[in-house]
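Every number in this text was worked out from the coordinates using simple rules, so none of it is lab data. Quick caveat, the model's predicted, so the values are computed rather than measured. Methodologically, a virtual Cβ is constructed for each residue, glycine included, from the backbone with ideal geometry; neighbour enumeration extends over all protein chains shown.
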Amino acid sequence: MNSYCVFERLRAAGLRPTRQRVALCNLIFGSGDRHLSAEELYAEAHRAGEPVSLATVYNTLHQFTDVGIIRPLTGEGQRTYFDTNTSDHHHFFIEEENQMIDIPGEGLRLHQLPEPPEGMEIVNVDVVVRLRRKAAAPAA
C-alpha cells in the first residue's frame, strides 16, 4: 500500500496520519488481509526499523479498532488478534501455532440467534472454532 493510500485511509477514518500511525498502517495493510497480534506487529515494526514502543502499538491498534478499520478477535487466553478483514466472517484458531485463519466462504451458517436483552441489538457475531492436530494413530 503506498503512503498516499495510508494517509487517505487514516484521514477517512478520522485519524491524524502521524508518522507512527502511517508506519504501522503500512505494516498492517501492506500484505493484504491478515490476522496479527500486537506483539507480532511490534516485532515486525522493529524488523522494519520503526522505533515504536509496545504501548504505542497497542494504542494504535485500539484506535484503528475504534474507527473500524480493523477488528479484534480473541485468541488463546488473553491474546487478542486484529483482523484487517472487517467483513462478517468466522475463524479457525490453530492452537499449536497460535494462528488465526478465516473459515472459507459459507463454511459456517448460524440459523438462530438468541433474542438480545431489552434495549439491545446484535451488532456482530464472531465464531472462533479452535483446532488442534489429531494425535498420531499408534503403529500396528
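Quick one: length gained pulling I103 to T84 fully straight, 0.36 nm per residue minus the C-alpha distance?
On the way: separation 19, 0.36 × 19 = 6.84 nm, distance 1.46 nm.
Extending this stretch completely gives an extra 5.4 nm.
Write down the percent of antiparallel bridges among all DSSP beta bridges whose residues are both part of the chain, to the nearest 5. Each step should come with its number before you reach the end.
Details: 11 of 15 bridges.
Restricted to the chain, the bridges split so that about 75 percent are antiparallel.
For segment 39-59 versus segment 72-140, the inter-centroid distance based on Cα atoms is 26 Å. The label point for A136 and the one for V67, both projected 7 Å from the Cα toward the Cβ, are 5.0 nm apart.
With the charge dipole of segment 5-93 set up from +1 on Lys and Arg Cβ and -1 on Asp and Glu Cβ about the Cα centre, the Cα lying farthest toward the positive end among the listed residues S37, A12, N26 is that of A12.
The structure shown yields mean projected area of the Cα convex hull in nm², and of the options [x] 12.7; [y] 7.4; [z] 11.7 that calculated value carries the label [x].
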